[in-house]
Amino acid sequence: MFDTLSEKLTRVFKDLRGQGRLTEENINDGLREVRLAMLEADVALPVVKDFITHVKERALGKEVMTSLTPGQVLIKIVNQELVSLMGEQHVPLQLNVQPPAVILLAGLQGAGKTTTVAKLGRMLQEKDKKKVAVVSCDVYRPAAIKQLQTLAGENGLVFVESSETSKPVDIAKSALDLAKRQMIDVLIVDSAGRLHIDEELMQEIKQVHELLSPIETLFVIDSMMGQDAINAAKAFNDALPLSGNILTKTDGDARGGAALTVKHITGKPIKYLGTGEKSSELTPFHPERIASRILGMGDVLSLIEEVEQKTDKVQAEKLAKKIKKGKGFNLQDFRDQLVQMNNMGGVARLIDKLPSMNQLPVGAVSQVNDKEFVKLGAIIDSMTQKERTYPDIINGSRKKRIAKGSGTQIQDVNRLLKQFKQMQKMMKRFASKGGIAKMMRGIGGGKLPGMPF
């Protein structure tokens, strides 16, 4: 998300940083480019106008004009205004009520409500140790109830039975009664969606809302819908007392206009982002971190949190001790690291959070090929345990067998062994002296598999 906007803003600020001093003329020129970049990113025109006005007022003040580094100060102002636009800070779910705390999800059909119910339930269960039940009031979309039942089973959530022949209000009442009897901490209710806003939908969800009195009423927005999604959010916000928004499919949206618009239009914060198809891919929305990513400064805090949550700490400690003792880094270790990287969503997801990624050649990050890592894993899996431990014994005949077993070519096996040797040397340097800094220089100086730069 934000790739297009980030690339354009980086170019604008690079030009402004090159100026010895900033004048009203070159500030206006720069902000004109920012305005165009935001409009192309599908940010609503009223939002763009307000944003540019606020930035311009501050940019033409003493803060920038008298600074020895005016370009840097202007970037700081834009960063602060982006954070302000998106809501200042993360707003967590308010669940401090007598159980069950009810969360009602609303939105148009196809926005990803049902999968978001499962993601939200899994997150509350794993991180907050809540007992979560889910129920579907969608009696219109074929197999909607069955879909939620499947997702609930996969994620260990309590599924409340419902029927397509029942009324949504009756389903909601039955689910609330069951949640009270079974001492459920959180009940998440999936409502019916439509392809467009209509009076019947609004009346129905109003009735469900009135019966449940949910502590959280969240609007689920498909970020790829652009302005249509924003208009829908406004209509629902007028009809219901929304407490927040969840943006879905952000991994497929390079523009990011919805994230920069919805808080301004509805007055309600974005609480979470759906970042992929897996049930684990729901992340808290932190405006300051998103602003940092838009301006090419990365999102190191989110990266650290992701590493802590999704890596095997015991395995990592064993590898660190092994390298420190000088026992070497073998192909099995390499294979384990590929698995860990895949658990975190692949290389493309990781490098998106690193600082200065938007300074790479245009389109370079989009060329990162995670399929290459799958191929590397297949090649290693086709080796014997002895070959993984002692790669030097892999001769011509062994390479031929490994290539055949993994469905690859001999040159692919050779490429893997060459890349492995480079990583082995890097690990030795890391173990000897210099630590992390030296290892990062090693990564920067070499070309990792699947990466075009």
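Tabulated values for the structure
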read-out	value
Relative exposure of 129, 278, judged by other C-beta atoms within 10 Å (fewest first)	129, 278
Among beta bridges that DSSP assigns inside the range 101-297, antiparallel share in %, nearest 5	10 percent
Computed FRET value (nearest 0.05) for residue 143 with residue 235, which takes r as the C-beta separation and R₀ as 22 Å	0.25
383, 183, 423 arranged by Cβ crowding within 10 Å, fewest neighbours leading	183, 423, 383
Gained length - residue 88 relative to residue 54, 0.36 nm times residue gap less alpha-carbon distance	10.7 nm
Rounded FRET efficiency, nearest 0.05, which uses the C-beta distance separating residue 23 from residue 203 and R0 of 51 Å	0.35
Packing-based exposure ordering (other Cβ within 10 Å, fewest first) of 158, 117, 55	158, 55, 117
Label-to-label distance, nm, for residues given as residue 378 and residue 392 (7 Å Cα→Cβ offset)	3.1 nm
For the range 395-402, Karplus couplings with θ = phi - 60° (6.51, -1.76, 1.60), whole Hz, Gly/Pro x	9, x, 5, 5, 4, 4, 5, 5
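Where a number appears in this text, it was derived from the coordinates with a stated rule and is not lab data. These numbers come from a predicted model, not from an experiment. Cβ coordinates were reconstructed from backbone atoms using ideal geometry, including for glycine residues, and neighbour counts include every protein chain displayed.
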